[in-house]
Each structure stands twice: as C-alpha cells, then as structure tokens.
Amino acid sequence: MTGNATFRHDNTALLAVTSVEAPVVVTSAEFDERLAPSLKRLRLSKRLLERVAGVTERRWWSPGSDFDDAAIEAGAKAMAEAGIEPSQVGLLINTSVTRRNLEPSVAVKIHHTLGLPSSAMNFDLANACLGFVNGITLAANMIDSGQIKYALIVAGEDAQSTQEATFKRLNRPDSTRQDFLSEFATLTLGSGAAAAVIGPADAHPGSHRILGGVSRAGTEHHELCVGGIDGMYTDTKGLLDGGLDLVVTAWHEAQADGWKWDAMDRYVTHQVSNSYTNAIIKAVNLVRERVPITFPHWGNVGPASLPMTLAQEAQTLTPGDRVLCLGVGSGLNTSMMEIAW
C-alpha cells in the first residue's frame, strides 16, 4: 500500500474469472406491459427502459433456483479453471447485495457447499455495486502480506423479488410520476453470478497480474441511491453528477501517482445504462471501442456486473493487454484497478 487512495500490489494475480447467466430472459417490453396501467394514467410513454437506459432485457433465475446457488456454481467453475483445489483456498469473500437473511452471512452456505476447509476465512463484504472490486483488493493485500495463498471472490444477484414489489407500488392508483422516476433504476436491474480466484503471481507464470489502482469516497452522496429488499430509490441525475465528479477526481489522483490509463486495451466498467456509460467515456476521454457493453442484455447485475463483463472479455484478451476495471457504487465510492493480462 502506498497511501489511503492509491495502492499497488506486489505479487498477486487473477487466475480465473467466471460467470453464470440467469436463464430466464425478461424483456423491457414485458415490463412495459406489466406497468401499462400506470404508464397510461401518468401519461408516460412505453419503451423508456430501452430509449433512456438502453436496457432491452435482463435475466431472472428459474423457479426453485437461488442466487447463492449460482454463486456456488460460479465459484466451482473458477476454481476448476484456476486449477485450485478447495483445500487450498484461504479466504472466501461473498460480495452480493442480494441476501435472504440479515444473518448468518451468505458466505457460510457457499463455504460449506464448495467444501472449503475450516481454515478458510469467510464473510460478506457489502459495498453496493463496488463490492467485487473491493473484495479483490482486500484479498490481494492478504496474499501480498503472506497471510493467505488463494482467495475466492463471489457474487450472486437476484433482481426479481425487488422488481415484483416495484411493479405493485407503481401500479397503485395513487402512484405519481415522481414515484416512477425514483424507482426507474430498479427496473434496470438484472440477475447473474460471478466468481474470481486470486493467487500469488510468482507461483503461476502467465497469469494476469493485478497491479493496483485507486479508490475514492464521496460519502456526502450517501442518500442518492438507497435500496432494500422491497425496492430501490434513486436520484438519477444526482447520482450521475456525483459519480462523474468522483471518477474524474480519482482518475487524476491516480495519474498524479504514476498510473497511465490513457491507452488501455480494455476498459471494463460497471454496467448501468447508456447515459452512465456515455458520461464516463466522455469525462475521462476513454476510447469508446475499448469499452465493452453488456447492460442491454443483462441489465445492471450489481457487483456481479463488472466481473461478468470481464469474464466475457477474457475470451478475446491476449497476453500483454492492459485492462482497467472501473466501478462506482452507491454511497458513493469509486475504485479503479489495473490488470496486466
């Protein structure tokens, strides 16, 4: 660590990153039909999710399937791809926003089902959509310090129950345009899961080095996006403005500390919407063709969004490519992390 905002890792690598798509495709046109009474009464046009957010569809789990089961599946895939046995894992971090209970942690079921050893620490790390990147940073620090050798980071998200509750509220006869606007972002959410295995770079020649990056907090914005099991309420413009300011500040702070991110081969961002993506690209002058887009078909899958996109991009990345992972989470917090592929 070099300070409170910028950091570097000495001997940590990404050994595998995997994803699990939820199987049930639910289109924005279907959402429009379910909200038709409210849209008509409030004189709101259909296709707002497609035209404004750019989300054409998202995914839900099949009946009887759970988000934590998907996280378990993603974790098993990641360990298999990394060639790591469960007995070698020293740390499991679950970064899901979705949870069934306040306690115990979601991590305990995942730890037990994957057959991880009793010596493997396990816990939940909750930081909205930024949790997965934060989990990697924490695991990398523990690997660099010699406390553990391998870490498994997972996230599993389920948007359906929150969206079902939102449909009921927005279709009430007393719902307003403001209600619709404040809950609009909820309708962009999607379900999915992801996992990554982190380990020592010197033990895995040819692995993808996690070099480090920057983080920055703008917690004066902690009331702009507030979510719970029954719903999520967002000041969309305030969130975008605050997030952009935070990203630009963190970007320049990293540049001043020696990071050079103007010509990365891929910029893997947290996937939210058209306006968010376009604003980030413009704010820090990213090369648009190097920013993969997955939100039109997955929606915003919370902390699983960025690693799911990275898992997709891994198929086309080649040794020597430079990848910047960039995310913003409610609260607000931002983090950027460079990986040497």
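Observations, loosely collected:
- Looking across segment 258-279, the residues that are of a type outside the set (Val, Ile, Thr), open to solvent by 10 Å² or more (accessible area, probe 1.4 Å) and not in a helix (DSSP H, G or I) come down to Gly258, Trp259, Lys260, Asp262, Ala263, Asp265, Arg266, Ser273.
- Among residues of segment 280-297 being among the aliphatic types (A, V, I, L, M) and in a loop (DSSP other than H, G, I, E, B), the one that is nearest to Ser191 (Cα to Cα) is Ile293.
- Checking each residue in segment 140-160 for being over 19 Å from the mean Cα position of the chain (by Cα), assigned to a helix (DSSP H, G or I) and touching a residue at least 40 places away in the same chain (Cβ under 8 Å) picks out Asn141, Met142, Ile143, Asp144.
- All positions within segment 85-106 that are free of Cβ contacts under 8 Å to residues at least 24 places away in the same chain and in contact with an Asp or Glu (Cβ under 7 Å, 6 or more places away or on another chain): Ser105
- Selection within segment 110-121 - over 19 Å from the mean Cα position of the chain (by Cα) and either surrounded by 20 or more Cβ atoms within 10 Å (Cβ to Cβ) or in a loop (DSSP other than H, G, I, E, B) (or both): His111, Leu114, Gly115, Leu116, Pro117, Ser118, Ser119, Ala120
- Test result for Ala311, out of contact with any Leu (no Cβ under 9 Å at 6 or more places or on another chain) and under 23 Å from Arg59 (Cβ atoms): yes
- Screening segment 177-257 for strands (runs of 3 or more DSSP E) wholly inside it with 1 or more residues that are at pLDDT 95 or above returns the ranges 192-200, 208-217.
- Meets criteria (touching a helix residue (DSSP H, G or I) at 6+ places or on another chain (Cβ under 6 Å) and at pLDDT 95 or above) for Gly299: yes
- Per the conditions (1) over 15 Å from Leu49 (Cβ atoms); (2) in contact (Cβ under 8 Å) with a residue 24 or more places away in the chain, the sole criterion not satisfied by Tyr276 is (1).
- Considering residues of segment 159-171 that are open to solvent by 10 Å² or more (accessible area, probe 1.4 Å) and in contact with a helix residue (DSSP H, G or I) (Cβ under 8 Å, 6 or more places away or on another chain) only, the residue nearest to Gly299 (Cα to Cα): Thr162
The values are calculated or read from the model by the stated rules, or taken from the named source; none is laboratory data. Worth saying up front: this structure is predicted, and the values here are computed from it rather than measured. Every residue, glycine among them, receives a Cβ derived from its backbone with ideal geometry; neighbour counts consider all protein chains shown. Areas reflect the complete protein model, heavy atoms only, side chains present, ligands, DNA and RNA absent. Shrake-Rupley method; radii C 1.70, N 1.55, O 1.52, S 1.80 Å.
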